[in-house]
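The values are calculated or read from the model by the stated rules, or taken from the named source; none is laboratory data. Worth saying up front: this structure is predicted, and the values here are computed from it rather than measured. Please note: Cβ atoms are built from the backbone with ideal geometry, for glycine as well, and neighbour counts cover all protein chains shown.
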Amino acid sequence: MLEKVFKGSKLYYGWLLALLVLIGAGVLAYINQLVNGLQLTGMSQDVNWGLYIAQFTFFVGVAASGVMVAIPLYLHDYKEYGPVIIFGEFMAVAAVLVALLNVVVDVGYPARLFNVVLYPTPHSILFWDMVVLSSYLLVNIIIGWTSIAAERKGTKPAHWVHVLAIIAIPLAISIHTVTAFIYCGNVGRPFWASAIVACRFLASAFAAGPALLLLISFIMGKFTDYKISDKAVDTIAKTVAYAILANVFFFLLEVFTAFYGNSPHHTEPLAYILFGVHGHNQLVPFMWAAAVLIVIGIVILLVKKWRQTRGLLIIALLCIFLGCWMDKGINFVLAGFVPNSFGEIIDYVPHPNEIMVIVGTFAIGAFVLTLLFKVALAVREGIAQPAAVAFSEATRAAAENQKAAEMEEAVEAAKAEKAAREAEEARIAAEEEARRKAEEEAAKAAEEAAKAAEEAAAAAEEAAEAPATEVAEAAEEAAPEAAEEAAPAAEEAAE
Amino acid sequence: MTAQQHSERSLTRRNFVKAGAVACATGLFALNGCTLEEVKNSQLASEFQGIENKQYGLAINVSMLDALGGQEFIDTIIAACHNYHNVPKIDDPKKSMDWIWTQSYEEAFSDIASTYVDEKTASYAYPVMCNHCTDPQCVRVCPTQTTFKRPDGIVMMDYHRCIGCRFCMSACPYGARSFNFMDPRPYVEKESMNPGYPTRSKGVVEKCTLCYELIDQGSVPVCVQAAYGCITFGDLTDENSEIRQVLSQAFSIRRRVELGTGPNVYYIFDEETASLYANGLNLGGAHGFEGDLLEGGE
Amino acid sequence: MKKTGIIAFVVIFCALALLPFAANAISPKAPLELDYNTPAIKSLEEHKCIESTEFMRSSHMQLLDSWRNDVVRNGDIVYTATDGTKYEKSLDDSCLTCHSNPEEFCDKCHSYEGVNPYCWDCHDSFGLWRQNESNEALYQDFLASVEGGQE
């Protein structure tokens, strides 16, 4: 299937080339950093984590958001997501890759990274992060690849793939939870040491991730035959709306807790990003830009008519993605170091080299994403392999044959049913006819009997006292007997 | 004692270089670290039995430090430590490396500092360093067991193993750790460095190790040696230890105790002793003064 | 056509991959000469390392690796050699005391064998210290005193 990445339009190749140029620039910048050390970043002894770890955090979230498509499909059998899920899984693969790359470029001594495996340390959250992230990456590659391979063959994925997809759901939640634990275990950093960090992370991830998935789907729809159903788009947009509302709510909980309680340890980092402290206000523009963007996004998503207008929806998704990125991909990590152990505020000034490295990791992610989506789309379009085309045609023909046979059967069955119904109607008509005749006869007999009785009564008016009623009863008894005798005759006539 | 005189007496390289380094460093004192020969004689007499269960700590008498010259005097202690351990001297405050340095009262004790504080307390310089916590955050978060707690309580670094993730720096509530953002060697001052002690490499975290190598040889940390009795070193779990004696006699505080890490660096306020000390009275061993530690202090 | 192309590719690939081995096999290997003439070694009565030369040649890296773990992680600083002599487990304070010329001893063999250990990133501060002119003068005094002491 991998050979499909080599067949594409000029635009496709141009895009890949542009990404390769960025990757090259990123690699050069990284070599520069390897030689000269992490002094080529904005980090300092006080702000010892910077944009690298922030990107790691944000993209772990994007990776985890794949479950927002997986849960409705696998747990609730929401069929609209059937064609979307493969892209959610492949996006998770690329996002985990970007996250891991940002860890690799962040460590000071990358040659020793394997020490994390050589000396496994269960009491370290980073160890667990490595475990869940690598598991999640592996699981998503396996699910995505086997699903698309099955689709190519026109079969359903094996049962174990489905089982794996179910396992991937808690795994996705776990990768972002564990990432949150990296922060919230640090008692010395009040901005991070909050129980709600994992919830905030998941909420913002479930907003930003599906937003990105939709945006990429729209781009693909523009340049390829890929179509995502309007119903799926609207459901994902609703997911984004709920998630971003939860995220805003959680953030406001932090704001309330900090400012109502008014403990300086908790207010200072928030004040730092909201208003600036002692003239240090470099993160304030990001905070308020994120707030405005997210509010715009929420308003558009909440109004059904606007949400279902494609242009407005794109604006809303862009706003929410960028807002979440500014919140988590910049502010959350940097504000955690404010103030430092001595009440000082140290600003973070990004280094151009560091930004180039980050762009390089994004380009690698986009490159892998493009190749994976290309494979999936090519398989969907069935353009690449004649054998596959023949196979799918054969299956289609077989299906048609089967359909024809089924239709014939149905016609026969309908005919038989019609005949049976007609026979039944005839029988009912005959019965009614017979009953009416019998009734008439009975009435006639009764009349005659009455007449006879009248005569008899008139005859025996004086002496004989024969009761007229007995005669009438006898007449009545006689009438049904006559009707019964008439019925078989009527049925025979009907047949 | 000059380096040359020293080398005439003993030919072991270590002794020579140590004397040379110290002579160049501060001119204040000479270290009495063990020579190779001395190790053979004293330490090797008994087989290694493992590190004993203890909790080493420091008691810093800030009043006495002030009486001996305050910041100026503490700077000589810092220089002794940094020169002995070849800590690079980097001017950029964002990248500077420190094992021990000073902060003001308000900064070092921001959580408990009084608003209206007496002038002396506010004016002291407070040496800060790794607190060798009883329950260290850094050890908990380290993914490779690079930093670990020795049985004797020292929070130790194994620089051979560090991947430079800086999780320990995020976790440390005391800001005690420094990361090598660049190759430290060009920033190690060659005239005052200690040739017998390794440097670190680019990309690893470092911090005060309480001079574990001197403790293993039966000596005491460099800062204690250089502090003329203002810093007392000892086992906090042993109620007869000198540090416990010192702590039982004066008011002391620790940094950020409410976090539960159990810092083991105590700051003692002891005006009385400080004034006696300033007047040149010999106090004996009760306050950590040991004459032999100050050998060559002319 | 396709088959021959594949075979040609395989042959060329293997040839390229094996080229370094071939080059090594053909080229004459100059015998390695290491410098043991340091003042400290000269002053030794018996020219012998802490273990046999064969062991040191083959296993000094394992020895140093176990030393660093013992010293740094366990506080165990004493090494008892096979002959019962005890030494301090220290690259700087034991090994380099005798081999005070790591460029002529350690590095020479390491580059000969094509290995690149990162010991010197941190260790051998002595070499770093000597880069200072006044320290170099002190060092020369030291050397003179060593040689003088021998006479």
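Being of a type in the set (Phe, Trp, Tyr), surrounded by 20 or more Cβ atoms within 10 Å (Cβ to Cβ) and more than 23 Å from the chain's Cα centre (by Cα) is not true of A:Tyr260.
If the requirement is being within 14 Å of chain B (Cβ to nearest Cβ), in a helix (DSSP H, G or I), among the polar types (S, T, N, Q) and over 26 Å from A:Val84 (Cβ atoms), which of these qualifies: A:Asn331, A:Asn353, A:Asn340? After ruling out the rest, the residue left standing is A:Asn353.
Within segment B:106-125, none of the residues are within 15 Å of B:Leu210 (Cβ to Cβ) and of a type outside the set (Ser, Thr, Tyr). Within segment C:40-51, if we keep just the residues that are assigned to a helix (DSSP H, G or I) and within 29 Å of B:Gly218 (Cα to Cα), the residue that is nearest to the other protein chains (Cβ to nearest Cβ) turns out to be C:Ala40. Of the helices (runs of 4 or more DSSP H) lying entirely inside segment A:224-312, those containing at least 1 residues that are in contact with a helix residue (DSSP H, G or I) (Cβ under 8 Å, 6 or more places away or on another chain) and aliphatic (A, V, I, L, M) are A:230-261, A:264-274, A:284-302. Of the numbered criteria (1) more than 14 Å from every other protein chain (Cβ to nearest Cβ); (2) surrounded by 15 or more Cβ atoms within 10 Å (Cβ to Cβ), the one A:Gly108 fails is (1). Among the residues making up segment A:100-127, those that are closer than 30 Å to A:Ala207 by Cβ and in contact with a Gly (Cβ under 9 Å, 6 or more places away or on another chain) are A:Leu101, A:Val105, A:Asp106, A:Val107, A:Ile125.
Being crowded, with 20+ Cβ neighbours inside 10 Å and either at pLDDT below 95 or over 25 Å from B:Glu191 (Cα atoms) (or both) is the filter here, so list the residues in segment B:98-109 that pass it. Hits for segment B:98-109 are B:Tyr105, B:Ala108, B:Phe109. Within 21 Å of the chain's Cα centre (by Cα), more than 9 Å from every other protein chain (Cβ to nearest Cβ) and modelled with pLDDT under 50, is that true of B:Asn83? The answer is no for B:Asn83. The residues of segment C:1-51 that are among the aromatic types (Phe, Trp, Tyr) and either surrounded by 10 or more Cβ atoms within 10 Å (Cβ to Cβ) or in contact with an Asp or Glu (Cβ under 7 Å, 6 or more places away or on another chain) (or both), listed by number, are C:Phe9, C:Phe13, C:Tyr36.
When you scan segment A:187-205, do you find a residue that is within 14 Å of chain B (Cβ to nearest Cβ), in a helix (DSSP H, G or I) and either at pLDDT 95 or above or surrounded by 19 or more Cβ atoms within 10 Å (Cβ to Cβ) (or both), even just one? Looking through segment A:187-205, at least one residue is within 14 Å of chain B (Cβ to nearest Cβ), in a helix (DSSP H, G or I) and either at pLDDT 95 or above or surrounded by 19 or more Cβ atoms within 10 Å (Cβ to Cβ) (or both).
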